[in-house]
Structures are given as structure tokens and as C-alpha cells.
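Participant: Below: one structure in C-alpha cells.
Any read-out appearing in this document is the output of simple, stated calculations on the displayed coordinates, not a laboratory observation. A quick note: this is a predicted structure, and the numbers were derived from the prediction, not measured. No Cβ is skipped: glycine too gets one built from the backbone with ideal geometry, and neighbour counts run over all protein chains shown.
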Amino acid sequence: QVQLQESGPGLVKPSQTLSLTCTVSGGSITTNYYYWSWIRQPPGKGLEWIGYINYSGTTYYSPSLKSRTSMSRDTSKNQFALHLSSVTPEDTAVYYCDRYKGPIASYDYWGQGTQVTVSS
């Protein structure tokens, strides 16, 4: 059973960098052919895909966010991270980490989500 858990500050000040870590258990983040992604949901809005880092370390970000987005991983800790710079209150959302299984084109596991509020 794969489990994902988000962690990081729940409150970030405007202009700062939002950093979250996803810890994965029950499966390796280097296993073919999985993609490890971040998705967020602002209050009252739908889900928004942010980007992924895949099993080989390749990253890809949403065009609308790529200028502010960076993802990394620590394979020794089986963790991957999101860094969203220059945040504004519009970045307030519940942030989820999840796994996408390429061969079946499906998100099969999700973290529980973590609330991040951008406010001064």
C-alpha cells in the first residue's frame, strides 16, 4: 500500500517561497513508470495541476506556473518537494501530492492534502 504525506508550513507571507515536502512510503519514487505530481485546490475552485517530477528525475510544470515553480527529490529519503516562489494570496489552496501511473494514465494514490494560506 502506497502512502503519501504532505508536510510544510501552513502559513506563508506574500513574496516568499512556498515549500512543501511529500514523503512516500510503500513504493519507491524511482520505480518505472510513475510520475509524482503536485495538485492544488484554491477555496471555491477546482483542482489545478502544478507539475511533476518523474521516476528518472525529469520535471515538467504547468505553463501558467512554470516561471515560479521548482520541484526536486531526495531518493535516499523517498521524498519529493515543491517550491513555489513569489507567492500571493491567490496561491492560497489545499495542496496535494499524488502518484500518476503512466501505463494506466491514472492518479492512483493521493496524499490527504495540506492547507497553505498566503497572508501577511
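Participant: Using Cα springs under 10 Å in a Gaussian network model of the chain, which residue among Pro103, Pro42, Pro89 shows the largest mean-square fluctuation?
Facilitator: Ranking Pro103, Pro42, Pro89 by mean-square fluctuation puts Pro103 first.
Participant: Have a look at Ser119, Pro42, Ala81 and report the one farthest towards the positive end of the charge dipole of the chain, computed about the Cα centre with Cβ charges (Lys/Arg +1, Asp/Glu -1).
Facilitator: With unit charges placed on the Cβ atoms, the residue in question is Ala81.
Participant: Let me check against my output: what whole-number percent is the relative contact order of the chain, with C-alpha pairs under 8 Å and at least 6 apart?
Facilitator: Relative contact order comes out at 35 percent.
Participant: I would also like to ask the following. Using the structure shown, list the pairs from Lys13/Lys66; Lys13/Lys77; Lys77/Lys101 with a Cα-Cα distance above 23 Å, or answer none.
Facilitator: Lys13/Lys77, as the Cα separations exceed 23 Å there.
Participant: Mind giving me the nanometre distance, one decimal, between the label points for Thr88 and Ser67, set 7 Å out from Cα along Cα→Cβ?
Facilitator: Output for this residue pair reads 1.1 nm.
Participant: What is the percent of Cα-Cα separations in segment 32-120 that go past 18 Å?
Facilitator: 44 percent
Participant: Label-point separation (nm) for Tyr33 and Gln3, each offset 7 Å from Cα along Cα-to-Cβ?
Facilitator: 3.0 nm
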